[in-house]
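Asks: This is the structure I want to talk about, given as C-alpha cells.
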C-alpha cells in the first residue's frame, strides 16, 4: 500500500549548478547548502504516491460514512490528499440520466399553508 518515489541529488546545486557543502541532516537525510545562491537542499526526497487501490479504499470508506479526517488517519494519507482525491473521483462520475418524464403520481394526504403557518388546510382523498 505504501509506495515511495525517491530522487537523489548530487553535491552540485540544482538551482545554480555550483558545488554544495554538507550542512546537517533532516529526518535522517543529508542536507546540503549552496554558498552561491544560499539555498538548502536534501540528498534524497521522498513522496508518497496514491494508487488506484487508495482511490477504491477512499470511495468504500466514504460510502460507509467515515469522515475525511478518519479516512486520512486510517489510510495514513494527509487530509488534503483525501479531500483532493474525493474531488477527482467525483469529477469522473457521470451525471444520472432521468428517463421518466410526464409521469402522474397519486398523493394520499397533502398539507398546505395558507396565510399563516397555524391555519392548515388539509385535503384527503
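The values are calculated or read from the model by the stated rules, or taken from the named source; none is laboratory data. Bear in mind the structure is a predicted one, so any value in this text is a computation, not a measurement. Don't worry about glycine lacking a Cβ; one is built from the backbone with ideal geometry, like all the others, and counts go over all protein chains shown.
Asks: Only one of these is at pLDDT 85 or above, surrounded by 14 or more Cβ atoms within 10 Å (Cβ to Cβ) and in a loop (DSSP other than H, G, I, E, B): 86, 77. Name it. Show your work before the answer.
Replies: Numbers: 86 fails: in a loop (DSSP other than H, G, I, E, B).
Going through 86, 77 in turn, just one is at pLDDT 85 or above, surrounded by 14 or more Cβ atoms within 10 Å (Cβ to Cβ) and in a loop (DSSP other than H, G, I, E, B): 77.
Asks: Answer yes or no: is there a residue in the stretch 91-109 that is surrounded by 13 or more Cβ atoms within 10 Å (Cβ to Cβ), out of contact with any strand residue (DSSP E or B) (no Cβ under 7 Å at 6 or more places or on another chain) and either not assigned by TED's automatic domain parsing to the domain that holds residue 13 or not in a loop (DSSP other than H, G, I, E, B) (or both).
Replies: no
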